[in-house]
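**Student:** Okay, handing you the structure first.
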Amino acid sequence: MAVLKPFKGIRPPVELAAKVASRPYDVLNSEEARIEAKGNPYTLLHIIKPEIDFPAGTDEHTEPVYQKAAENLNLWRKQGWLVKDAKASLYIYAQTMEGRTQYGIVGCASVDDYLNGVIKKHELTRSDKEEDRMKHVRITNANMEPVFFAYPAVKALDDIVAEIVATQSPVYDFVAEDGFGHHFWLVDNDETIDKIVKLFAKIPATYVADGHHRTAAAALVGNEKRAKNPNHTGDEEYNYFLAVHFPDNQLKIIDYNRTVKDLNGLSPAELIDKISEDFEIQKVGTGIYKPDQLHTFSMYLGGEWYKLVTKSGRYNDNDPIGVLDVTILSSLILDKILGIKDLRTDKRVDFIGGIRGLGELKTRVDGGDMKVAFALYPVSMRQLINIADSGNIMPPKTTWFEPKLRSGLVVHELE
């Protein structure tokens, strides 16, 4: 059963919250982070992307850069830009995007729950990315950024959250530069905390929605600290890590699309001919076409959009992985025709989050950087949960959750 633990959060003062809060470390590169941080000395990017405080081109994985993260965290605390709460609490973090609001419960998840499979994952992680975040956690001795979890919706929890939102003013309430709203409530009433914790203890499993590498890194560092502590009791803060838990029925997964650098020696006409073996193809024209149902894809090639509908018998409805559109596209086009065998390592394929819109696919192809693009219909939360429950792993770059959690609204210290 799932553990949810209150903690003494480290948070910005109200007047600085919007300036401290930043996008997560893994959704922007170093140069984008440098641009985004320009003119804002308070942003958490100086801690989660500390290479921005070095000359452009500095290797972000060097020891001085990691040390800078710890130095900046200490400076932020000394300056009062991040202040630790006096009492262990829970928090509510809500996000509003395009008129839709989702409400998450912020608390610490358990390292044991991750190691024992109570926290379920649906993606593989890369050891180099795990080690990068492990170094960051070790040197800051903190979970600087929360991970994004889902849980099977519980009406009693929904009711508690609704009451808090209706009767308390948020401590933070702002709209970020991308137009998404962020709202944050403090939950420090002991009776309310106890009710939430006990309700969570009845939930059989939670699910990593976004942040697999951060989750793995937090759990592995916690395990390291256990091994090094001869007086380990299990109650130490390093046994827990920062997470925002959302009910599954409030979440929406958007599309995660693909572009390919070349046609594997084929002409556009030859590519279309080969695709027609497994798909019904309809030329749509120059106007953007977005897939509107499962097993339907759009392709942008040579200035034209095409609708691709998978022919019957090309996938197995009883195979939770094989029935996914990402699998169908990978096996029948990317692998079979374009020769892309491993999405995790092949440099010929790139991935475009649906938040950028299908216009981004057109731009990449028209600009000559890519030769063909494919858009997919997004997977559902039900598919994600079914796959995680069955112990299966989704192909790389299958899910894109939006809006992303803002980092810096609360930090969890490991000691």
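The values are calculated or read from the model by the stated rules, or taken from the named source; none is laboratory data. Remember, it's a predicted structure, so these values are computed and weren't measured experimentally. Cβ sites come from the backbone with ideal geometry, for glycine too, and all protein chains shown count toward neighbours.
**Student:** If we only count strands (runs of 3 or more DSSP E) wholly inside the stretch 206-303, which ones have 1 or more residues that are modelled with pLDDT under 95 and of a type in the set (A, V, I, L, M, F, W, C)?
**Tutor:** Values: elements: 206-210, 240-247, 256-260, 279-285, 296-301.
Of the strands (runs of 3 or more DSSP E) lying wholly inside the stretch 206-303, those with at least 1 residues that are modelled with pLDDT under 95 and of a type in the set (A, V, I, L, M, F, W, C) span 206-210.
**Student:** Of (1) under 17 Å from residue 375 (Cα atoms); (2) in contact (Cβ under 8 Å) with a residue 24 or more places away in the chain; (3) part of a loop (DSSP other than H, G, I, E, B), residue 307 satisfies all except one. Which?
**Tutor:** (3)
**Student:** Have a look at 164, 193 and point out the one that is assigned to a helix (DSSP H, G or I), touching a helix residue (DSSP H, G or I) at 6+ places or on another chain (Cβ under 9 Å) and not charged (D, E, K, R).
**Tutor:** Only one candidate passes the filter, namely 164.
**Student:** Further question on the same structure: Mind checking which residues of the stretch 321-365 are basic (Lys, Arg) and either at pLDDT 95 or above or within 29 Å of residue 389 (Cα to Cα) (or both)? Even if it seems obvious, please write down each step before you answer.
**Tutor:** In the first step, residues of the stretch 321-365 are kept if they are basic (Lys, Arg); the result is 336, 341, 344, 347-348, 356, 362, 364.
336, 341, 344, 348, 362, 364, listed by residue number.
**Student:** I've got another one for you. Would you mind stating whether residue 148 is surrounded by fewer than 19 Cβ atoms within 10 Å (Cβ to Cβ), part of a strand (DSSP E or B) and at negative phi? Walk me through how you get there before you give the answer.
**Tutor:** Values: surrounded by fewer than 19 Cβ atoms within 10 Å (Cβ to Cβ): no; part of a strand (DSSP E or B): yes; at negative phi: yes.
In short, no.
**Student:** Taking the criterion of being assigned to a helix (DSSP H, G or I) and not basic (Lys, Arg), would at least one residue in the stretch 397-406 satisfy it?
**Tutor:** No, the stretch 397-406 contains no residue that is assigned to a helix (DSSP H, G or I) and not basic (Lys, Arg).
**Student:** How many residues does the stretch 116-141 contain that are over 19 Å from the mean Cα position of the chain (by Cα), buried (at least 19 other Cβ atoms within 10 Å of the Cβ) and outside any helix (DSSP H, G or I)?
**Tutor:** Count: 0.
**Student:** Scan (1) at pLDDT 95 or above; (2) under 24 Å from the mean Cα position of the chain (by Cα); (3) of a type in the set (Gly, Ala, Ser) for the single condition residue 179 breaks and write down its number.
**Tutor:** Unmet for residue 179, out of (1) at pLDDT 95 or above; (2) under 24 Å from the mean Cα position of the chain (by Cα); (3) of a type in the set (Gly, Ala, Ser): (1).
**Student:** Scan the stretch 19-46 for residues that are in contact with a Phe, Trp or Tyr (Cβ under 7 Å, 6 or more places away or on another chain) and farther than 22 Å from residue 86 by Cα and report the count.
**Tutor:** Initial filter on the stretch 19-46 (in contact with a Phe, Trp or Tyr (Cβ under 7 Å, 6 or more places away or on another chain)): 19-20, 42.
From what's left, farther than 22 Å from residue 86 by Cα: 19, 42.
Adding up the residues that qualify gives 2.
**Student:** Let me ask something additional. Among the residues of the stretch 69-115, which ones are part of a helix (DSSP H, G or I), hydrophobic (A, V, I, L, M, F, W, C) and within 29 Å of residue 178 (Cα to Cα)?
**Tutor:** Scanning the stretch 69-115 gives 69, 70, 73, 75, 76.
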